[in-house]
Structure formats: structure tokens, C-alpha cells
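Values in this text are rule-based calculations from the coordinates and carry no lab data. It should be emphasised that the depicted structure is a prediction, and the values quoted were computed from it without experimental measurement. Ideal geometry is used to build each Cβ from the backbone, glycine not excepted, and the neighbour counts take in all protein chains shown.
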Amino acid sequence: MSTLLKCLKGEILSRHPVWFMRQAGRYLPEFRRIRSDNPDFIKLCLDSVLSSEITLQPIKRFNLDAAIIFSDILMIPYALNQKVEFKENTGPVLSSFDLDEFKSIKIEDFTEKLLPVYKSLTKTRKKLDENKSLIAFAGAPWTLFMYMLQLKKNNNKLDDRKLEINLKTIEKTISTLTKYICIHLEEQISAGADVIQIFDSWAGLIPQGRLKTFCYDPHQEIVNHFKKKNIPIICFPKGIGKNYKEFNHIVRPSGINIDYDVNPAWAAENLENTCIQGGMDPKFLLGDEKNLLDEVEKFLKIFEQKPYIFNLGHGILPETDPNVLDKVIKKVIS
């Protein structure tokens, strides 16, 4: 059993497992070389050979405890027949949401479109040491709706008017979207993954009165679905602040990833009966080395007597020096 799995089962280990969100990405020169030859991001995610190679790049460089498949949360809207484009200096751009099209999708068509993702997982698992976990992932319903219904303003704020216009659509379709998320994750597990992470990157924009409907309930449904299958699942409801405590109490995931705005000491005291993951601000990786290593030490000390996975409070920034990341990993596992 991998170190990551042991930690997610509640074991307090001699050293904390470590992996990073976006560990396969733009900060690695070997990734940038592949990306420069593959400008269409969706096509790259659907190239099972290259996707597997990218997934394994950080594993070849660093002594990490897990690989996370190179893909994207927007592969789900893509498989639901919504056009997805990644534009430089703009980010993802999706075509208008078509409710009738969404309702008409067949499960077999959905999984067929994502088959290269599952093939990539199988290829990766065969090349990955058995003592390392392979992480499947998906976006949470709310975060997917933020893109699918274009609910986000350019300043990363919620467009309240658009939310009101689309409320009925969200309420009608959230259970169906949750179903497809579970299907996508099931296929990833069947293909070789042994851990799941759910990214709710825009959970912090959910109006307080709608947290239960748009965040807690769908997460709980997904978590319960995979608990029955004995698959550990980590949730990352980024930006919900002190609501992490209520989220954890209601959803009860195997692990909960805290963001960099959450005080780690508060998390250690208030997030009970779960494995805590992450929390360090990725910007520390760009600054003074002593401050960085002191910050790493702070997290290791706070969670010394708890099941804890070292990670960040968000993904690795593109400007990160891989050599600096290596020093962090060596400190964690020393």
C-alpha cells in the first residue's frame, strides 16, 4: 500500500507523503517542450501517450509519493458536447450551454470521448512504481458550472446577474452533472487510479445561503458513492474559509485540501477525523529560500501528530524553479 493511501486511511506515519497540484505542468522545461509542439490543449489531454509521459515527468525528477494524471477538469464539459478552447492570456473559453444537448448525451458517448484519458491512466499505472499512488480527479459541479454557464467575471468575481438567470438550470442539472462526474471518476479508477481528488476551485464564490445546495450536497454524494467502493477521496473546496469545518463535518471525505488562506493551526484543531492536505502558499516557492524552508517546517510541525499530506494551497506556479521544489521535497521526506 502506498504512503498516500496509508495516510488517507488515518495512519500517522514516520514522514508525511508529498505530491503537488499541477506538478505536471508549465514550470518543467520538459513539459514546455511538448506543449510548444502541441498548441491544442484538449488534443494534448486526449493523446494518451503524451499525457502519460507528462504525468510521469515529475515522478522521474522528484521523489514524490503520487502521480496525478495530466488532464483537465474541463474534459467533462468537452465530453458533454460543449466546445472548449484554451486561449493564451485568456484561459478557457466555452461555447454557450445548450440544455437540450446536455440532456441528450448518452453515457456510452460520454465515456467514449474520454477513452484516451483512461488509456493514459492505464499506461501510467504500468510504468509507475507500485508504492506510488495514481490520482484521478474531476471538477466539482459548482466549479464546472462556473465555466459551463460563464458565471465568472473577468476579475474572478461571481456574476450575480448571470447566476440568477441560470439558477433554475443549475438546480435542474446539478444531479445529472454529479452523475457524470462519478462516471468519469469510476472509469479513471477502473483504468488504474487508486485515489480521487475533487477540485472545487471556485467554491469561495458560492453565496453563503447556497453552500449546502451547490457545495456540500454534491460533494457528499460523490464521497459517499466512492466510500462504498472503498476508494479514498480528497476534497478541495477552495476559498470557503471557516466553512471548511462545516464542510468536513457534513461531507466527511477521506482527505481535505486546505487553501493558503486557511490558518493551518486552525485546520489542525478544527478539521477532525480526516486527513488534511496542503495549505502552503505557492508563492513561497518563488521567494527567499530560508523563508520557504521555514514555512515548510511550520506545516510539518503543526501536523506532526496528524495524518497529513504535504501539498500546496493551490497549484504550482509556472515561474517555479524545479530545483527549489526538489529542496522542499527533500526536506519533507528527510
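For the stretch 57-77, residues that are surrounded by fewer than 17 Cβ atoms within 10 Å (Cβ to Cβ) and in contact (Cβ under 8 Å) with a residue 24 or more places away in the chain total 2. Per the listing Leu149, Leu128, the residue uniquely among the aliphatic types (A, V, I, L, M) and either over 30 Å from Thr320 (Cα atoms) or in contact with an Asp or Glu (Cβ under 8 Å, 6 or more places away or on another chain) (or both) is Leu149.
Only one entry of Leu99, Leu121, Leu158 meets the criterion of being out of contact with any strand residue (DSSP E or B) (no Cβ under 6 Å at 6 or more places or on another chain) and surrounded by 20 or more Cβ atoms within 10 Å (Cβ to Cβ), and that entry is Leu121. Residues of the stretch 313-322 include at least one that is touching a strand residue (DSSP E or B) at 6+ places or on another chain (Cβ under 9 Å), surrounded by 15 or more Cβ atoms within 10 Å (Cβ to Cβ) and either among the aliphatic types (A, V, I, L, M) or touching a residue at least 40 places away in the same chain (Cβ under 8 Å) (or both).
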